[in-house]
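The values are calculated or read from the model by the stated rules, or taken from the named source; none is laboratory data. These figures come from a predicted structure and were not determined experimentally. Please note: Cβ atoms are built from the backbone with ideal geometry, for glycine as well, and neighbour counts cover all protein chains shown.
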Amino acid sequence: MKTPPILIVPGWTNAGPQHWLTLWEQAHPEYRRVEQRDWDTPERVEWIATLDRAIRASVSPPILVAHSLGCIAIAHWTGEHRKDAAGRVSAALLVAPADVEAQTAPQEVRDFRPVPLAALPFPSVLVASRTDRSVSFARATQFAQAWGSSLVDAGDAGHLNTAAGYGPWPAGERILMDLVGCVVDTTSSA
């Protein structure tokens, strides 16, 4: 079985040049980034439509790799495409999902309220930090349980972004490769 395509789904303000998403994309030219028109003032409807076009353009069901608001966009996309989402996405790696419902959430991301809490119809892994100002570990755990995601405790890792020291993130790459392996194994044995 061929490895599914990888779609990179950054969050609010995109992923800068030293962010692990960008570094992974540079190391793997076959990875594709979902390019939003406006990274700084995201509009839920537009972001979900852009994500949908990227998924539809994929040669086979991709694995989505998301950070922060990108995770919430995936949850919204899944809710809007519930009937065929399982056949259109192989799996998702969801890192540091932003709690857009928190009182401390920036105004710019509040259009993504409420956070959908329905199970994702494809395998997913959620990586959460115990020191993330964008989402408490308890709330991230709630997301993982609601979405049916396996939860990986990243410990004291901030928002798992460049500011928290996550340029290269080899542990994250191993999590992704494990997820890819599970998807390939499941598809091969089906």
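Taking every residue in the range 11-40 that is closer than 21 Å to Ala57 by Cβ and modelled with pLDDT of 95 or more and pairing it with any residue that is among the polar types (S, T, N, Q) and assigned to a helix (DSSP H, G or I), at least 6 positions away or on another chain, the pairs with Cβ-Cβ distances below 6 Å are Ala15/Thr22; Gln36/Thr50. So which pairs qualify, if the first residue must be in the range 46-73 and farther than 10 Å from Gln36 by Cβ, the second must be among the basic types (Lys, Arg) and not in a strand (DSSP E or B), the Cβ gap must be under 8 Å, and the two must be at least 6 apart or on different chains? Listed pairs, sorted by first residue: Ile55/Arg88; Arg56/Arg88; Ser60/Lys2; Pro61/Arg88. Here the range 139-182 is the region considered, the condition is being more than 24 Å from Thr13 (Cα to Cα) and of a type in the set (Asp, Glu), and the residue that is surrounded by the fewest Cβ atoms within 10 Å (Cβ to Cβ) is Asp153.
Within the range 29-80, being touching a strand residue (DSSP E or B) at 6+ places or on another chain (Cβ under 8 Å) and closer than 26 Å to Phe137 by Cα holds for Ile63, Leu64, Val65, Ala66, His67, Ser68, Gly70, Cys71, Ala73, Ile74. Quick one: which residue in Ser58, Ser68 is at positive phi and at pLDDT 95 or above? Result: Ser68 is the single residue among Ser58, Ser68 that is at positive phi and at pLDDT 95 or above. Output the residues belonging to the range 154-170 that are within 16 Å of the chain's Cα centre (by Cα) and not aromatic (Phe, Trp, Tyr). Ala154, His159, Leu160, Asn161 - these are the residues of the range 154-170 that are within 16 Å of the chain's Cα centre (by Cα) and not aromatic (Phe, Trp, Tyr). Residue-level analysis places Val127 outside the set of residues that are β-branched (Val, Ile, Thr), within 28 Å of Met177 (Cβ to Cβ), at pLDDT 95 or above and in contact with a His (Cβ under 9 Å, 6 or more places away or on another chain). Across the range 25-82, the number of residues qualifying as surrounded by 23 or more Cβ atoms within 10 Å (Cβ to Cβ) and of a type in the set (Ser, Thr, Tyr) comes to 2. Just give me the residues in the range 28-57 being assigned to a loop (DSSP other than H, G, I, E, B), over 15 Å from the mean Cα position of the chain (by Cα) and closer than 26 Å to Val115 by Cα, in sequence order. Of everything in the range 28-57, those that are assigned to a loop (DSSP other than H, G, I, E, B), over 15 Å from the mean Cα position of the chain (by Cα) and closer than 26 Å to Val115 by Cα turn out to be Arg37, Asp38, Trp39, Asp40, Thr41, Pro42, Glu43. Does the range 2-9 contain at least one residue that is over 17 Å from the mean Cα position of the chain (by Cα), farther than 25 Å from Thr162 by Cα, among the β-branched types (Val, Ile, Thr) and surrounded by fewer than 23 Cβ atoms within 10 Å (Cβ to Cβ)? Yes: the range 2-9 contains one or more residues that are over 17 Å from the mean Cα position of the chain (by Cα), farther than 25 Å from Thr162 by Cα, among the β-branched types (Val, Ile, Thr) and surrounded by fewer than 23 Cβ atoms within 10 Å (Cβ to Cβ). Determine whether the range 99-108 contains at least one residue that is under 19 Å from Ser124 (Cα atoms), without any contact (Cβ under 8 Å) to a residue 60 or more places away in the chain and of a type in the set (Asp, Glu). Looking through the range 99-108, at least one residue is under 19 Å from Ser124 (Cα atoms), without any contact (Cβ under 8 Å) to a residue 60 or more places away in the chain and of a type in the set (Asp, Glu). Based on this model, can you work out whether Val95 counts as closer than 14 Å to Val9 by Cβ, among the β-branched types (Val, Ile, Thr) and within 17 Å of the chain's Cα centre (by Cα)? Taking the combined requirement at face value, the residue satisfies it. Scan the range 8-27 and give yes if some residue there is farther than 25 Å from His159 by Cα and assigned to a loop (DSSP other than H, G, I, E, B), otherwise no. Checking the range 8-27: not a single residue is farther than 25 Å from His159 by Cα and assigned to a loop (DSSP other than H, G, I, E, B).
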